[in-house]
Structures are given as C-alpha cells and as structure tokens.
1. List, shortest first and in nm to one decimal, how far the label point of B:Glu84 (7 Å from Cα along Cα→Cβ) is from its counterparts in the other copies.
2. With charges set only on the Cβ (+1 for Lys and Arg, -1 for Asp and Glu), what does the dipole of the protein assembly as shown come to about its Cα centre, in debye to the nearest 20?
3. How far, in nm to one decimal, is B:Glu171 from itself in the other copies if the label point is set 7 angstrom along Cα toward Cβ? Shortest first, please.
4. For the range B:56-109, calculate the relative contact order in percent as a whole number, restricting contacts to Cα pairs under 8 Å that are 6 or more residues apart.
5. Provide B:His46, B:His105 in ascending order of the number of other Cβ atoms located within 10 Å of each residue's Cβ, fewest first.
6. Amide H of A:Gly228 versus every other amide H placed in the peptide plane: which residues, excluding those fewer than 5 positions away on the same chain, fall under 5 Å?
7. Which of rounded, prolate or oblate describes the range A:8-239 when judged by the alpha-carbon gyration tensor and an a/c cut-off of 1.5?
8. Taking the Cα centre of the range A:8-239 as origin, work out the dipole magnitude from +1 charges on Lys and Arg Cβ and -1 charges on Asp and Glu Cβ, in debye rounded to 20.
Protein chains: 2
Amino acid sequence: MLTRQQDAFGQAMYDYLHRGDGFEIIERDDGFFSVGGGPQTYFIPHGQWPAHQREAIRHARGRVLDVGCGAGRHALYLQERGLEVVGIDISPRAIEVCKRRGLRHAHVLSVTRVSRRLGIFDTIIMMGNNLGLLGNPKRARWLLRRFRAMTSCEARIIGESRDPYVTETPEHLEYHEFNRKRGRLPGQLRIRVRYKKLVTPWYLLFSQDELKGIIQGTGWEVETFIDGEAGMYVAILRKVA
Amino acid sequence: MLTRQQDAFGQAMYDYLHRGDGFEIIERDDGFFSVGGGPQTYFIPHGQWPAHQREAIRHARGRVLDVGCGAGRHALYLQERGLEVVGIDISPRAIEVCKRRGLRHAHVLSVTRVSRRLGIFDTIIMMGNNLGLLGNPKRARWLLRRFRAMTSCEARIIGESRDPYVTETPEHLEYHEFNRKRGRLPGQLRIRVRYKKLVTPWYLLFSQDELKGIIQGTGWEVETFIDGEAGMYVAILRKVA
C-alpha cells in the first residue's frame, strides 16, 4: 500500500475527479522527464478507448480481477456489462476514486498480496501498462503461479504494456544503451510518477519478447497479442493445457 | 550562457517552433513538481497577452533592451511597432528562436554581462517573471547600478514578477514556512525548468515589498505597479531624480 507521500498517481486522479484538474509528470531513472496524458486519461469512457483496448476487453468473461484498477475505467465498464468485478490497487486514493464512481468491490491491495481469499477468477486484467506490475522475471514467475492457483481452468490474463523498442527518439535509444551498460534488458524501463510533492515507487515496462521469456514455466502461455499504436499492445495469456 | 544540458527552457521553445510540441516541468527546491503553461505560452501574440502586460508594454519607448527575451514575444511586438530592440537571453536555443522569428538584434548573453557596449537604452524590459533575474539583494543592487549607467535619464525598467504570497495552496504555504526555517525571505521561490533530460539552473521570484527593499539605494524607484491576476504584477521603475 502506498503512503500518502507515494500516492502521486492516485492523488492526481482524486484531484481530477473533485476539481477537474491535475497532471502527471513521468520521471525515468536516467533523469529524463516528460508529461503524461494526465489523470483525465484514466477516466475516458469505453467509446474513446484505443481500438486495441476495446478489442482486448471483449476477452473478459465471468468473475474478473482488475489488478491496478486506477480510476476504474475498465472495471466499471465490465461491471456495467453485468460481470462481477473486483478492483485492487496499491493506491488508497485510486480506490477512493473507484468507490466514489460506483465500483462495488474495490480494495487497497498490492498485486503481491492477492490470494484465493479473494475467491476464484475467470479473468485477470492488467490494463494500461499494468503488465509491468509483474516486475522482474523472478517476481513474475511467482505471481503468475499464484494467479494460476486463484483462477478457473479456462481463465485468461489480459495484460497491457508498451514495447519500449518501438521508438526512434534519440533519448530513448540512449536509454537502451544505458541499460545494456548496467547489465539490464535494454528496454526495461524504470519510471515513476510525480505530482506536486508526491512521488510513486519505480515501475517497469517490457516488450513482447521479454514477456514471452518471463512467463516460461509459469503454467501460462501467450494466446495472442493485440497490437495498438506506438508500441502499445495487449497480451492475452491462457493456462498451458 | 547555458550549456546544452541546461537549456531546457530554450530547447522546449525550439521544439515548439519546429514541431509544434513541447512541455515545461517546473521543479521547486523542496521537491514540488508542476507543469507550466508550456512553450506555446512564450509565443502568444500581443492580442492574447494578459491585460496587465498589454498595459505595461505601453510604457516602452525609444531604444529597448529585452532581458531574458525568450521566444521574443515582447521584443518582436516592439520591433514591429518601429522601436529598436535588442534581445538578450542566456539560452542559445532561445536566441536561435528569436532570430528565426525575425528579431534583428538578438544575442546570447547573461544579464550579468550587459554593459554600455550594447549602447544606451531608454527602456529595459524584464517580462514574464524576469524581474527574478535580479537575484538576491546584493546582485540586484549591482545590476541596477549597471542598468543606470547604460540608460538615458528618462529611462524606465518594466519588470514582471509574481507575488508568491498570493496563494492559499497548502503546499505553497508550507514552502514559505520551509524558507523561514532556513533563514530566507518566505516568498523567495527557487525553481528550475525540466524538459526531457535538460534542466536549467535555479531561478528566483519575489514580491512587491521584497522588490522595494531590494532596489533601495540603487538609484531606481518604483513609479507604479500594474497588477495582474493570481499575484502577477509588473513594476515600472524610474531613475531617482
């Protein structure tokens, strides 16, 4: 669970919900700063989602766990469609926002604390770069085995990320080189969000190939990739038979 | 003169001129981050300036020095009105932008390097918070005496700043307290601009009262203050008779 000081992302969404403003500054661990789409991005209705997200969400069925549910845009859409959805987020402010917006099951909970106590799920969604919550290969394997134990046989994981190699921006190519030099996967992107005096812990992103490597031996396999624009993609994972 | 790595502000304006995008992240020295109006702010035409700026610029006459000319919005306006304008800026990229936009006299030069070699001026403008370039009281006195020696008898300084006390934002009030504790003027605001991997040196802002204290004994006095919104103001300084 994030402390008040770490809840930059959630506080920005909270301020956006209550006052209509807010912003999102992205800091990479090489000192590269940029401005994100802002909290309004996390509130956009289904009709305005990118096509690959609309296609991906059609794979959701049964009882759904939304990992890193943010302002609840995916969870609320599925709930409105009649599915039972449980949203979890490490951000207390995000969960406040979800509840305020009408999400019936929303808990402040780290992905590392999920268990069968939440019940059995048919779908786990990790949208909006949340595949990166799988973290490093070791943690990813541990989490995916855990997901296996708390899902039905026909379960799917619908996870979104962004391929960091789809870029020609010199600063991004430099960053890949910087990663190689420190012995990391070149595209492993370490970022955090700043909002006023708040700053989140670091997050990771990775590419489709890196994902394929990470999930080997976890009992999950890639059913399909759904590609979006600018390197965005959704992976649909199913259980190995 | 700013190094390439420090020229965050200028590079953002340069990118805006050439590609139509860019952003401006403001970092305060207590770790408070915000997003500025962005480089487009520095290109807006006279008709869209805030009212207090339009009123202030009417005080410009004769030969004009624009200190910290940025993308040249004030200098170009005055040049179009037939005044002779010399723009200086510490940012090489800003001066490139000014030249590209048609400013005839534009030099990469720190305010601390101005001298009579630039000729004699009837007006010195320091718009858009550039009064803060006067820096601390000691530097301000030294600079204002220097300005006195390179201006005509009837000269005016038209300088803009923002009163840091006009706020009820808790983070800003906390900052005033933070300043008191470290023995500074409460409203003395230490900020820098980040853009991608570039980061400027620190800048200062101060209030009208602080300005009045600072200019005592420099041979300049406040003729009038022109107030804008949200604590923005322009000071018109004239020579003490």
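Derivation of every value follows stated rules applied to the coordinates shown; laboratory data play no part. Worth saying up front: this structure is predicted, and the values here are computed from it rather than measured. Don't worry about glycine lacking a Cβ; one is built from the backbone with ideal geometry, like all the others, and counts go over all protein chains shown.
1. For B:Glu84, the inter-copy label distances come out at 8.3 nm.
2. Value, rounded to 20: 1140 debye.
3. Nearest first, the other copies' label points are 2.0 nm away.
4. Working: 88 pairs, mean separation 18.7, N = 54.
Averaging sequence separation for qualifying contacts and normalising by length gives 35 percent for the range B:56-109.
5. Ordered by Cβ neighbours within 10 Å, fewest first: B:His46, B:His105.
6. Those lying under 5 Å, H to H, from A:Gly228 are A:Tyr233, A:Val234.
7. Judged from the Cα gyration tensor, the range A:8-239 comes out oblate (a/c at least 1.5, b/c at or above a/b).
8. In total the dipole reaches around 1140 debye.
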